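Presented below is the structure to which this report refers.
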Amino acid sequence: MHSSEDPDERWLDEHAGRLVRPYVITGGRIVPVRGEFDLISLILATRPVPADEPGFGPEHVAIVELCEDLLSVAEIAAQVDLPVGTVRVVLGDLLHGGFITVRAPEPEVNMSDERMYEAVLDGLRAL
């Protein structure tokens, strides 16, 4: 390493990308300690992660900061450029610590609304 090289650059490789593997971020875990996270589950931060929170890394902090606005698990994974499985484990840590809440997505259609069924039947008849 040259003395003029930025210390953060040693963790990046032009061709391979990040040199810190997802299993390092999750401590080798592949299942969240708490919660179930579908790709469309919506995540909202409840409070910031303190800088000295034991067991939490920069990925935890970045996800909480992103989730100041409601985001899906898929959107979070894309924003932080990590595999969804890794993001789910980190989200489990955050949920367990009370830093986020998880919401099921709102259905676009009210399944108890008869008009929806009538519209489906009308569409089928038009075929």
- Query: Within the bounds of segment 69-80, is there any residue that is at pLDDT 90 or above, open to solvent by 50 Å² or more (accessible area, probe 1.4 Å) and among the acidic types (Asp, Glu)?
  - Reply: yes
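Can you name every residue in segment 22-74 that is of a type in the set (Asp, Glu) and farther than 12 Å from Gly97 by Cα?
Restricting attention to segment 22-74, the residues satisfying the condition of being of a type in the set (Asp, Glu) are 36, 38, 52-53, 59, 65, 68-69.
Glu36, Asp38, Asp52, Glu59, Glu65, Glu68, Asp69 - these are the residues of segment 22-74 that are of a type in the set (Asp, Glu) and farther than 12 Å from Gly97 by Cα.
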- Could you grab the pairs with beta carbons closer than 6 Å, sequence gap of 6+ or different chains, first residue in segment 93-120 and at pLDDT below 80, second one open to solvent by 50 Å² or more (accessible area, probe 1.4 Å)? Pro105/Ile40; Met116/Val109
- Message: Out of Glu65, Glu53, Glu36, I need the residue that is open to solvent by 50 Å² or more (accessible area, probe 1.4 Å) and in a helix (DSSP H, G or I). Which one?
- Response: Glu65
- Message: in contact with a strand residue (DSSP E or B) (Cβ under 8 Å, 6 or more places away or on another chain) and acidic (Asp, Glu): is that true of Glu65 in this structure?
- Response: yes
- Task: Mind listing whichever residues of segment 68-83 are in a loop (DSSP other than H, G, I, E, B) and either touching a residue at least 60 places away in the same chain (Cβ under 8 Å) or of a type in the set (A, V, I, L, M) (or both)?
- Result: Leu70, Asp81, Leu82, Pro83
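The values are calculated or read from the model by the stated rules, or taken from the named source; none is laboratory data. All of these numbers come straight from a predicted model, not from anything done at the bench. With ideal geometry, Cβ positions are generated from the backbone for all residues, glycine too; neighbour counts draw on all protein chains shown. Each accessible area value is taken on the protein alone, full model and side chains, heavy atoms only, with ligands, DNA and RNA left out. Shrake-Rupley method; radii C 1.70, N 1.55, O 1.52, S 1.80 Å.
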